[in-house]
Amino acid sequence: MGSVFFDSTISDKERRNRLYAGDIFIISATEGTRALADFARKMLEEAFSPHDPRTIHEHKTAEEVAAILGKLKPQFIHDPFCKRMVAQIMLENGVGVEKLYFDVPRMRSAYPSHFLSSGIAYAFHPHRDTWYSAPMCQLNWWMPIYPLEPDNAMGFYPRYFDEPIHNSSDTYNYYEWNAKNRASAAQHVKTDTRVQPKAQQPLEPQTVRFLPPPGGIIVFSAAHLHESVPNTTDLARYSIDFRTVHYDDVVARRGAPNIDSRCTGTSIRDFLRATDLSTLPDQAVALHDDDTAKGKDVLYFGDKLVKELSS
Ligand SMILES: [Fe+2]
């Protein structure tokens, strides 16, 4: 990793190239990000009323919270307002939306340690999204819904952006994961037995934590090693993130260098065009796929499977 940019005005193309090289961009809140964060905060406050969502662990059991999140998170994911706001946020940041594809925005939660850190509120260990079949041109956009603390934020391990790590990504196939595991996320309340790609070597435990205000965004390459910092505060953390790919980079196979990901399958079918929510053309998908794709129903996660799970 080289640089961290704040409210940069460089072009989207130059920004993408810098992100693929490991730079990170922090962007101040805009009308669109504020609207999306407010929408999520209101949903949380209604679902946990009369309690503050940040202290809900003092009032409800882990099972009760998991049951509420099991309904709330899919509702957030497939609300049309969220997709409209992603397109708006792209426009506000100088991204050409006709070539921009995004994966549905997700709401995440991180509760004080040992309360609820598996399944539906999985506390992610250090990982690259590219160990989970993300395309190398994927960019992640992440924003907090409430003010962050250093100990309930996201942690980055910048030195590993260009340093390979022994890891178990070769055990991960995106289609198998969709078929077997995602449907059961809400059931893994206390322990999570799902096999996930992990580092298989000790890591230097130095993380960098960026703390933008609510609605501020951290943009980073899916190849960056990052984690949910174990939450040692008394407050739950809630955040929103979504992923994007740019058509030109998908077809040119431009992106971050793949230094250690060996997973199979691809999540690229989940991305929807910002203008009309169409998926990427088959020829573009084929450039990123391998021979592990079989049944039609396991190829996507996105909105389609979420609707099935929540109906
Ligand atoms: Fe991640």
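Here are some notes:
- Overall form of the range 25-116 per C-alpha gyration tensor (a/c, 1.5; a/b vs b/c): prolate
- Largest GNM mean-square fluctuation among Val195, Val65, Val97, using the chain with Cα springs under 10 Å: Val195.
- Three-way shape label, the chain, alpha-carbon gyration tensor, a/c 1.5: rounded
- Net dipole in debye of the chain [+1 Lys, Arg Cβ; -1 Asp, Glu Cβ; about Cα centre; nearest 20]: 320
- Taking Met43, Met143 and counting other C-beta atoms within 10 Å, the order from fewest to most: Met43, Met143
- Neighbour net charge for Phe5 - beta-carbon separation under 10 angstrom, K R +1, D E -1: 0
- Within the shell of other residues whose beta carbon sits under 11 angstrom from the beta carbon of Asn93, the net charge comes to -2, with Lys and Arg scored +1 and Asp and Glu -1.
- Selected from Thr244, Thr171, Thr130 as most flexible by GNM, with the chain as the system and alpha-carbon contacts under 10 Å: Thr171
- Gyration tensor verdict on the range 43-169 (Cα atoms; rounded if a/c is under 1.5, prolate if a/b is larger than b/c, oblate otherwise): oblate
- Residue among Ser11, Ser228, Ser168 with the largest mean-square fluctuation in a Gaussian network model of the chain, springs linking Cα atoms under 10 Å: Ser11
- Residues Asp7, Asp129, sorted so that the one with the fewest Cβ neighbours within 10 Å comes first: Asp7, Asp129
Every number in this text was worked out from the coordinates using simple rules, so none of it is lab data. All values reported here derive from a predicted model rather than from experimental measurement. Here Cβ is always computed from backbone atoms with ideal geometry, including for glycine, and neighbour counts include all displayed protein chains.
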